[in-house]
Amino acid sequence: MRRIFVCGFTLVLSVNVGTVWACATCLCGDPTITTMGTEKPFAGRMRAGIEYLSRGETVAEPGVSELVTDEERLTYSFSYAISAEWIVAASVPMVTKQVKRYDLSRQQGSGIGDLDLSARWFVGKDESFPVRHLWGVQFGVRLPSSTEQKHNGVAIDIDAQPGVGATIPNLGIWYGRYEMPWFFYTSAAYQHALTEGYQGYQAGDVFMITALTQYALLQNLAVQFSLDGRFKQQDHYNDVKDHDSGGVLVMATPGIAWTPIEDLVVNASYQTPVIENVRGRQVEDVTLRVGVTYDF
Amino acid sequence: MTFNRCAGLTLLVSAALLTLAGCPGQDQNTTESGITVHIAEVHLEEQLAATAPLAREAQSTLAALTAPGGYDQSNIEHHDIVDSHSHLLSIYRAYSVLDDLELIPCPSVAQLPSRLFNSIISAAAAHAGHGSEPVRGRGLDKSNVIDIVTRDLYPLPLGDRAVAPGSYCGLRVSLARASAQSYGKPQSVATSTDDPTTLPEVPELAGKFFALRADYCATGDGMGGCLQRSKVDVDDSNLAMPPTLTINFSSPLAVTDARRSAYVEVGIAYGEWVQNLDVTLLTSNADERQKLVNNIAGSIHVYDKGLGDLPVNVGD
């Protein structure tokens, strides 16, 4: 927890955020909101961002097979609008994961996670000026760019690996409505792993849906609220089903976005589960995020 | 523009500072062992006290002669046990297959719901890849073939089981049908055709939970010698598998954060295999073979347990 404040405070002091957040780790939420923003871009716009995230989860049966995971990640992202219709983005996380098991064993893995590449296509808009409706398609791929972390030559367990080491593409649609001081955004995406990850990990397919609303209290300060849903098939390990995976998770995410100076946005959010209809036992802790983006 | 550049520079410098400050992704990989219970098997001949001395006396005479019809007793390593009719059964090959070795937590009111759940859902399947660690080429994730005709009282490590801190009051174990992946499954070898047989068959164990190759003296000469031996080559074909066994410890085994290592030795008292049965009927009578199966299940005990590592094998 100490590091949450150290890193978070440093971030807040250093720079700023637009409409930022999502759940790149647990795949609950739309990560492109953070990396690309939601507004219609102009050609040549660049955005750099840093986001600190802290989350945790507890799975499986207490005293029998329980596994508690604590994760911290610092995600560096960069996006570029190659035209008024296309934005491409890349993000890479630096991750530390700690796992504590029912037998009191512990493992910590730390390093660079998997690289995310994504693109957003602005397919349509209404005829009004300024534009009030935008919609389009987004797609991306998570590449197995991470290195399987080891300790004394032995691979750290998959649950504590910074990346999963699999190729996981996704495809989705999105819609944005702009009614100052309100803003609404929703997206839905489907994700399917093409390859196995480390240690025989076979990620289940995921359907993600996000519904975000933002209200601008001031010219440079907005409050946000989002519902992020994740519908996930069960994972497998070497074709053995993980009974404590998959199901439905919906998280409510209140947050703020503050623009202290032009083009610099600081975001903070608190994501808490509101619906957990999961298989086996999975208890998702709250997720804290502090992020900064800067447009060039 | 100048201001923007300044802000951008600030962003990049901050990122660098965060990285250097030891933020996520910059930590050491670490591993800390948890609580481990080492599980091993030992087998031993536990003869019935009343019959063993007489049978051993007879055996010393019989061993001097090699009779036809059986195995080449004088030249092949074998273990001898005595049935309830004082027949001396010489065992040349004997295998049983163990699986599902799980420690049973002592009853706790607070943990009753999860214990109940655990009795329905196998812990091993709860999160693949955790729960047991292989030891010396064996593990607890698959069944283990036990070769009874190896040295008595030699602890054979079967694998390490990760358990939660607490007290454990017993052990669950099943006889199981071997598969091609079972640990310790021997390569099958055909028997020789000479008489007496000099090379007993190593049976194909896939699909079986026990197999026995043995013989006894079917016809004596009245003076302590044997004129004719008879083979007892049986396995579990068409026999019912015994249910999972629950073996209670004499006292709880308590493991804690401070005492993270313990061991349990599963004993197979193969001398009990022929209790209350007549070995001369084993090949012909399915009921007698079913008794043998039940005796095999009943011969499984907890031989020893304690804190710390497994007792060291003599000669290791």
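Looking at this structure, is A:L217 at pLDDT 95 or above and touching a strand residue (DSSP E or B) at 6+ places or on another chain (Cβ under 9 Å)?
Details: at pLDDT 95 or above: no; touching a strand residue (DSSP E or B) at 6+ places or on another chain (Cβ under 9 Å): yes.
The answer is no for A:L217.
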Next on the checklist: Yes or no: the stretch A:149-164 includes at least one residue that is over 17 Å from the mean Cα position of the chain (by Cα), under 29 Å from A:R45 (Cβ atoms) and not in a strand (DSSP E or B).
Outcome noted: no
Checklist outcome for this item: Filtering the stretch B:156-184 down to residues that are among the charged types (D, E, K, R), surrounded by fewer than 18 Cβ atoms within 10 Å (Cβ to Cβ) and assigned to a strand (DSSP E or B) yields B:R172
Checklist entry - Only one of these conditions is not met by A:V15: (1) facing chain B (nearest Cβ under 7 Å); (2) at pLDDT 75 or above; (3) crowded, with 24+ Cβ neighbours inside 10 Å. Which number is it? => result (2)
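Just to verify a result, which residue in the stretch A:60-76, among those that are part of a strand (DSSP E or B) and out of contact with any Lys or Arg (no Cβ under 8 Å at 6 or more places or on another chain), is surrounded by the most Cβ atoms within 10 Å (Cβ to Cβ)?
Looking only at the stretch A:60-76, we keep the residues that are part of a strand (DSSP E or B), and these are A:67-76.
Within this subset, residues satisfying the condition of being out of contact with any Lys or Arg (no Cβ under 8 Å at 6 or more places or on another chain) are A:73-76.
Values: A:R73: 22, A:L74: 24, A:T75: 26, A:Y76: 19.
Among them, the one singled out is A:T75.
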Checklist entry - What is the one condition in (1) buried (at least 17 other Cβ atoms within 10 Å of the Cβ); (2) assigned to a loop (DSSP other than H, G, I, E, B) that B:R289 does not satisfy? => result (2)
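Looking at B:R115, B:R136, B:R93 in this structure, which one is closer than 23 Å to B:S179 by Cα, at pLDDT below 90 and surrounded by fewer than 23 Cβ atoms within 10 Å (Cβ to Cβ)?
Values: B:R115 fails: closer than 23 Å to B:S179 by Cα; B:R93 fails: at pLDDT below 90.
Result of the check over B:R115, B:R136, B:R93: B:R136.
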Next on the checklist: Residue under question is B:T150, and the condition is that it be assigned to a loop (DSSP other than H, G, I, E, B), surrounded by 15 or more Cβ atoms within 10 Å (Cβ to Cβ) and either out of contact with any helix residue (DSSP H, G or I) (no Cβ under 9 Å at 6 or more places or on another chain) or within 14 Å of chain A (Cβ to nearest Cβ) (or both); does it hold?
Outcome noted: no
Item to check | Complete set of residues in the stretch A:92-112 that are surrounded by fewer than 20 Cβ atoms within 10 Å (Cβ to Cβ) and hydrophobic (A, V, I, L, M, F, W, C) | outcome: A:L104, A:I112
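Taking the residues in the stretch A:256-266 that are crowded, with 21+ Cβ neighbours inside 10 Å and either over 18 Å from the mean Cα position of the chain (by Cα) or more than 14 Å from chain B (Cβ to nearest Cβ) (or both) as candidates, determine which candidate is farthest from A:L218 (Cα to Cα).
Restricting attention to the stretch A:256-266, the residues satisfying the condition of being crowded, with 21+ Cβ neighbours inside 10 Å are A:257, A:264-266.
Checking the rest, the ones that are also either over 18 Å from the mean Cα position of the chain (by Cα) or more than 14 Å from chain B (Cβ to nearest Cβ) (or both) come to A:257, A:264.
Details: A:A257: 11, A:L264: 15 Å.
So the residue we want is A:L264.
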Checklist outcome for this item: In the set B:G166, B:G137, the lone residue that is within 14 Å of chain A (Cβ to nearest Cβ), at positive phi and not hydrophobic (A, V, I, L, M, F, W, C) is B:G166
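So that you can scan it fast, the table gives a plain yes or no per residue for (1) touching a Lys or Arg at 6+ places or on another chain (Cβ under 8 Å); (2) surrounded by fewer than 16 Cβ atoms within 10 Å (Cβ to Cβ); (3) more than 18 Å from B:Y92 (Cα to Cα):
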{"residue": "B:A206", "(1), (2), (3)": "yes, yes, yes"}
{"residue": "B:A211", "(1), (2), (3)": "yes, no, no"}
{"residue": "B:Y216", "(1), (2), (3)": "yes, no, no"}
{"residue": "B:G222", "(1), (2), (3)": "no, yes, yes"}
{"residue": "B:D233", "(1), (2), (3)": "yes, no, no"}
{"residue": "B:D236", "(1), (2), (3)": "yes, no, no"}
{"residue": "B:F249", "(1), (2), (3)": "yes, no, yes"}
Checklist entry - Which ones in the stretch A:279-290 are within 14 Å of another protein chain (Cβ to nearest Cβ) and either assigned to a loop (DSSP other than H, G, I, E, B) or free of Cβ contacts under 8 Å to residues at least 60 places away in the same chain (or both)? => result A:R279, A:G280, A:R281
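So if I check each of A:A90, A:A84, which one is more than 11 Å from chain B (Cβ to nearest Cβ), assigned to a loop (DSSP other than H, G, I, E, B) and either touching a Pro at 6+ places or on another chain (Cβ under 9 Å) or over 30 Å from B:Y168 (Cβ atoms) (or both)? If you could, list the steps in order and put the result at the bottom.
Details: A:A90 fails: assigned to a loop (DSSP other than H, G, I, E, B).
Being more than 11 Å from chain B (Cβ to nearest Cβ), assigned to a loop (DSSP other than H, G, I, E, B) and either touching a Pro at 6+ places or on another chain (Cβ under 9 Å) or over 30 Å from B:Y168 (Cβ atoms) (or both) holds for just one of A:A90, A:A84, which is A:A84.
Here are A:L134, A:L115, A:L143: which of them is more than 11 Å from chain B (Cβ to nearest Cβ), surrounded by fewer than 23 Cβ atoms within 10 Å (Cβ to Cβ) and under 19 Å from A:T210 (Cβ atoms)? Quick ask: steps written out before the conclusion?
Values: A:L115 fails: under 19 Å from A:T210 (Cβ atoms); A:L143 fails: under 19 Å from A:T210 (Cβ atoms).
A:L134 is the lone residue from the list that is more than 11 Å from chain B (Cβ to nearest Cβ), surrounded by fewer than 23 Cβ atoms within 10 Å (Cβ to Cβ) and under 19 Å from A:T210 (Cβ atoms).
Can you tell me which residue in the stretch B:1-45 is modelled with the lowest pLDDT, limited to those that are within 30 Å of B:P155 (Cα to Cα) and not in a strand (DSSP E or B)?
Keep residues of the stretch B:1-45 that are within 30 Å of B:P155 (Cα to Cα), which gives B:31-45.
From what's left, not in a strand (DSSP E or B): B:33-35, B:45.
On the way: B:S33: 91, B:G34: 93, B:I35: 95, B:E45: 81.
Among those that are within 30 Å of B:P155 (Cα to Cα) and not in a strand (DSSP E or B), it is B:E45.
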Checklist entry - Can you find even one residue in the stretch A:198-209 that is touching a residue at least 60 places away in the same chain (Cβ under 8 Å) and within 14 Å of another protein chain (Cβ to nearest Cβ)? => result no
Checklist entry - Which one is surrounded by the fewest Cβ atoms within 10 Å (Cβ to Cβ) among residues in the stretch A:240-255 that are touching a strand residue (DSSP E or B) at 6+ places or on another chain (Cβ under 6 Å) and not hydrophobic (A, V, I, L, M, F, W, C)? => result A:P254
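Out of the residues in the stretch A:41-59 meeting the condition of being charged (D, E, K, R) and surrounded by 23 or more Cβ atoms within 10 Å (Cβ to Cβ), tell me which one is nearest to A:Q107 (Cα to Cα). If you could, list the steps in order and put the result at the bottom.
If we filter the stretch A:41-59 for residues that are charged (D, E, K, R), which is where we start, we get A:45, A:47, A:51, A:55, A:57.
Going one step further and asking which of them are surrounded by 23 or more Cβ atoms within 10 Å (Cβ to Cβ), we end up with A:47, A:51.
Details: A:R47: 35, A:E51: 24 Å.
Within the stretch A:41-59, the match that is nearest to A:Q107 (Cα to Cα) is A:E51.
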Checklist entry - If you check B:N285, B:N276, B:N313, which single one turns out to be over 16 Å from the mean Cα position of the chain (by Cα), closer than 20 Å to B:T150 by Cα and not hydroxyl-bearing (S, T, Y)? => result B:N313
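The values are calculated or read from the model by the stated rules, or taken from the named source; none is laboratory data. Everything numeric in this text was worked out from a predicted model, so none of it was measured. Neighbour counts are summed over all protein chains in view; Cβ atoms, including those assigned to glycine, are modelled from backbone coordinates with ideal geometry.
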